[in-house]
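Below is one structure, written out as structure tokens; the observations come after it.
Bear in mind these aren't lab numbers, they're just calculated from the coordinates by the rules spelled out. Being a predicted model, the structure only gives us computed values, none of them experimental. Because the Cβ atoms are built from the backbone with ideal geometry, glycine has one as well, and the counts that use them run over all protein chains shown.
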Amino acid sequence: MVSVALGCTILTSIAACSSSIIPFYNIIMALITDCESRKAVLSVWGSVMLIWRAWRVWRTSGKDVNLAKRTVGREGMVYAMMILASFL
């Protein structure tokens, strides 16, 4: 079950970052323009942190209850909100 959650987190994070990462030209332009850089930073940072947290839970096979609660709790919501904010 934890492996499925990790896989879904990784796929969702890659999908959220795809519009910022795929074309290299857009990454360069994202560093120049404010709106695009905001989107890139929010999507990449939020996705990386979600993947990092999910990987840590996966590594412990979900047995570390405190880590799992933090991952799905407030910290996880903050990173998910960052990803959602990148679409604005």
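Taking the Cβ of ARG70 as the centre, find all other residues whose Cβ is under 10 Å away and add up their charges (Lys, Arg: +1; Asp, Glu: -1). With Lys, Arg at +1 and Asp, Glu at -1, the net is +2. Between VAL4 and ARG38, the FRET efficiency from the beta-carbon distance, with R0 = 35 Å, is close to 0.65.
Segment LYS63..MET81, full-extension length gain: 3.9 nm, with 0.36 nm per residue of separation and the alpha-carbon distance subtracted.
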